[in-house]
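A short worksheet on the structure shown next.
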Amino acid sequence: VQLQASGGGSVQAGGSLRLSCLASGRTFSSYVMGWFRRAPGKEREFVSGISSGGFRTTYADSVKGRFAISRDNAKNTVYLQMNSLKPEDTAVYYCAARDGITIEYARDSYDYWGQGTQVTVSS
């Protein structure tokens with residue numbers, strides 16, 4: 001599976017962005033998908049995940065209520081809608097695919113990674 005993330009950019013605090021991650025291959029619908037981010041000087045951290053069928057989602061506490069993950073299996077795409085953005089959301093955002101059933105928080109649980117897209121939130 002090859003993943004290509006897009007949709008990053010620069011916004012002011014309180015603004016919104018929607019990230020997209022397009023996957024190649026015909027087995028996208030069998031993968032758990034996740035979004036991670038890495039802020040300057042920090043480790044890559046889990047942001048959100050969605051089950052293969054899209055019925056289960058989970059979020060990091062820091063983004064709960066502001067971000068929403070979704071997927072369109074017909075388009076091989078997973079999305080991350082980010083609202084009420086804060087300067088601390090500034091990071092490179094990565095999408096990842098996991099060949100499994102459960103949504104996992106650990107980076108090592110994911111098998112495929114996209115190249116990352118930069119999100120910058122100014123105050």
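For residues that are of a type in the set (Gly, Ala, Ser) and in contact with a Ser or Thr (Cβ under 8 Å, 6 or more places away or on another chain), scanning just region 79-123, find the one that is nearest to ILE50 (Cα to Cα). Going through the qualifying residues, I end up with GLY100. The set of residues in region 102-123 being open to solvent by 20 Å² or more (accessible area, probe 1.4 Å), among the aliphatic types (A, V, I, L, M) and touching a strand residue (DSSP E or B) at 6+ places or on another chain (Cβ under 7 Å) consists of ILE103 alone.
Looking at region 59-123, the strands (runs of 3 or more DSSP E) lying wholly inside it that each contain 1 or more residues that are at pLDDT 95 or above and among the acidic types (Asp, Glu) sit at 67-72. Put simply, of PHE36, PHE28 the only residue that is under 12 Å from ASN73 (Cα atoms) and touching a residue at least 12 places away in the same chain (Cβ under 8 Å) is PHE28.
Note on region 10-24: residues that are farther than 17 Å from LEU85 by Cβ and surrounded by 13 or more Cβ atoms within 10 Å (Cβ to Cβ) total 3. Among the residues of region 25-47, those identified as open to solvent by 20 Å² or more (accessible area, probe 1.4 Å), outside any loop (DSSP other than H, G, I, E, B) and closer than 14 Å to ARG71 by Cβ are SER29, SER30.
Considering TYR93, TYR79, which residue is closer than 16 Å to VAL121 by Cβ and under 11 Å from the mean Cα position of the chain (by Cα)? That would be TYR93, the only listed residue that is closer than 16 Å to VAL121 by Cβ and under 11 Å from the mean Cα position of the chain (by Cα). Looking across region 46-78 at every residue that is among the hydroxyl-bearing types (Ser, Thr, Tyr) and in contact with a strand residue (DSSP E or B) (Cβ under 7 Å, 6 or more places away or on another chain), the one that is farthest from GLY14 (Cα to Cα) is identified as SER52. Scanning region 54-67 turns up at least one residue that is surrounded by fewer than 18 Cβ atoms within 10 Å (Cβ to Cβ), closer than 24 Å to ASP108 by Cβ, of a type in the set (Val, Ile, Thr) and out of contact with any helix residue (DSSP H, G or I) (no Cβ under 6 Å at 6 or more places or on another chain).
Evaluation of THR27 against the conditions (1) of a type in the set (Ser, Thr, Tyr); (2) modelled with pLDDT under 95; (3) in contact with a Gly (Cβ under 6 Å, 6 or more places away or on another chain) shows that the sole unmet condition is (3). Pairing each residue of region 2-23 that is in a strand (DSSP E or B) with any residue that is open to solvent by 40 Å² or more (accessible area, probe 1.4 Å) and among the hydrophobic types (A, V, I, L, M, F, W, C), provided the two are 6+ apart or on different chains, yields C-beta distances under 8 Å for LEU3/LEU22; LEU3/TRP113; GLN4/LEU22; SER6/LEU22; ALA23/VAL1.
The values are calculated or read from the model by the stated rules, or taken from the named source; none is laboratory data. Owing to the predicted nature of the structure, the values given are computational and were not obtained by experimental measurement. So basically every Cβ, Gly included, is an ideal-geometry build from the backbone, and we count neighbours across all protein chains shown. When the accessible area is computed, the model is the full protein with side chains, heavy atoms only, and any ligands, DNA or RNA have been set aside. Shrake-Rupley method; radii C 1.70, N 1.55, O 1.52, S 1.80 Å.
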